1. Every residue in segment 198-210 that is in contact (Cβ under 8 Å) with a residue 12 or more places away in the chain and either more than 16 Å from ligand 2 (Cβ to nearest atom) or surrounded by fewer than 19 Cβ atoms within 10 Å (Cβ to Cβ) (or both), please.
2. If you go through segment 176-185 one residue at a time, do you hit one that is assigned by TED's automatic domain parsing to the domain that holds Asn29, surrounded by 21 or more Cβ atoms within 10 Å (Cβ to Cβ), acidic (Asp, Glu) and more than 22 Å from Ala133 (Cα to Cα)?
3. Looking for whichever is among the aliphatic types (A, V, I, L, M), surrounded by fewer than 21 Cβ atoms within 10 Å (Cβ to Cβ) and in the same structural domain as Arg125 (by TED's automatic domain parsing) here; the options are Leu105, Leu74. Which one fits?
4. Take the residues in segment 213-244 that are within 18 Å of the chain's Cα centre (by Cα) and over 14 Å from Val28 (Cβ atoms), then tell me which one is farthest from ligand 1 (Cβ to nearest atom).
5. Do the conditions hold for Leu161, that is, is it under 14 Å from the mean Cα position of the chain (by Cα) and closer than 26 Å to Glu235 by Cβ?
6. Need a quick list: helices (runs of 4 or more DSSP H) entirely within segment 36-151 having at least 1 residues that are touching a Pro at 6+ places or on another chain (Cβ under 8 Å) and within 16 Å of ligand 1 (Cβ to nearest atom).
7. Does segment 222-238 contain any residue that is in contact (Cβ under 8 Å) with a residue 24 or more places away in the chain, polar (S, T, N, Q), in the same structural domain as Lys24 (by TED's automatic domain parsing) and surrounded by fewer than 17 Cβ atoms within 10 Å (Cβ to Cβ)?
Amino acid sequence: QTRTGLALRIENVTRRFGGVTALKDVRVNVPPGARHAVIGPNGAGKSTLFRVVSGEYAPSEGTVSLDGRTVSGLSPDRVAALGVARSFQTSSLFIQDTVRENVMLAVMAHTPARRDLWRPLAAHREAARRADAALERMGLLVQADLPAAALSHGEKRQLELAMVLAQEPRLLLLDEPLAGLSAHERERVMNLILDLPRDLTTVLIEHDLAFCLEFADQVTVLSNGELLATGTPGEIRANEAVQSVYVGS
Ligand code: ADP
Ligand code: MG
């Protein structure tokens, strides 16, 4: 397979559900280490695009490749094992387990079975190390030994981010990480997202246009499943078609 030099390449992807075309001929290129944002009104196809990348949905047409390797058609487990981590809009926490245990479980569930399985203590120690590094980054290390149930709504979102970060993904997909948060919680989670490792290839879906423009190097705008615009934050800000979609939304 040819190497494209791209961490993520979405080529002419169309996805239909019966008579509904959720994505039509969508193209997105994300170089390694880039921050990419996907914006667009409700129903634009943003989450479907993530599900096509993560292997939950096969494209009806087109291909997805990671580091030049075609992944469309692979199962979600295989795609995850290649280093793609996706945050979910719905909570997937084990509420009675501690904050640290939740992150450790995420690490162990998503690390492909390794030779050091015969060294469970070493694997456990490595998961704990990654968990604490991710919790520190997300400002939750002091709460590491509390049950996840003790966290506020905003802190649970921070924990979910720690869970994907601790997987040390090659590609991080964040789907509306600010959804449902109070103004105060939003502010905190926004800052944590802006402070994510700068070399981590990240694709962010968010409703908040200003935040997308602040976060991303490149922005893709979807509308009704179609690519409305793609460009730098400056280009997107100046784009009249984008402005018209965002008026009144
Ligand atoms: P967004 O995340 O931008 O709000 P979605 O990707 O969730 O949009 O949805 C895009 C369109 O695809 C919507 O019309 C939605 O109803 C449709 N869609 C998404 N998933 C399915 C599915 N599993 N079955 C049928 N229609 C779907
Ligand atoms: Mg969505």
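1. Arg198, Asp199, Leu200, Thr201, Thr202, His207, Asp208
2. Within segment 176-185, the subset assigned by TED's automatic domain parsing to the domain that holds Asn29 is 176-185.
Subset that is surrounded by 21 or more Cβ atoms within 10 Å (Cβ to Cβ): 177.
So of that shortlist, the ones also acidic (Asp, Glu) come out as none.
No, every residue in segment 176-185 fails to be assigned by TED's automatic domain parsing to the domain that holds Asn29, surrounded by 21 or more Cβ atoms within 10 Å (Cβ to Cβ), acidic (Asp, Glu) and more than 22 Å from Ala133 (Cα to Cα).
3. Values: Leu74 fails: in the same structural domain as Arg125 (by TED's automatic domain parsing).
Unique residue meeting the criteria: Leu105.
4. Filtering segment 213-244 for residues within 18 Å of the chain's Cα centre (by Cα) gives 213-222.
With over 14 Å from Val28 (Cβ atoms) added as a condition, the list becomes 213-215.
Working: Leu213: 18, Glu214: 20, Phe215: 18 Å.
Step by step, filter segment 213-244, then rank; the result is Glu214.
5. Details: under 14 Å from the mean Cα position of the chain (by Cα): yes; closer than 26 Å to Glu235 by Cβ: no.
So Leu161 does not fit the description; no.
6. Once the helices (runs of 4 or more DSSP H) in segment 36-151 are filtered for at least 1 residues that are touching a Pro at 6+ places or on another chain (Cβ under 8 Å) and within 16 Å of ligand 1 (Cβ to nearest atom), what remains is 46-54.
7. Yes, there is a match, as at least one residue in segment 222-238 is in contact (Cβ under 8 Å) with a residue 24 or more places away in the chain, polar (S, T, N, Q), in the same structural domain as Lys24 (by TED's automatic domain parsing) and surrounded by fewer than 17 Cβ atoms within 10 Å (Cβ to Cβ).
The values are calculated or read from the model by the stated rules, or taken from the named source; none is laboratory data. Nothing here was measured: the structure is a model prediction, and the numbers come from that model. FYI the Cβ positions are ideal-geometry reconstructions off the backbone, even for glycines, and counts take in every protein chain you see.
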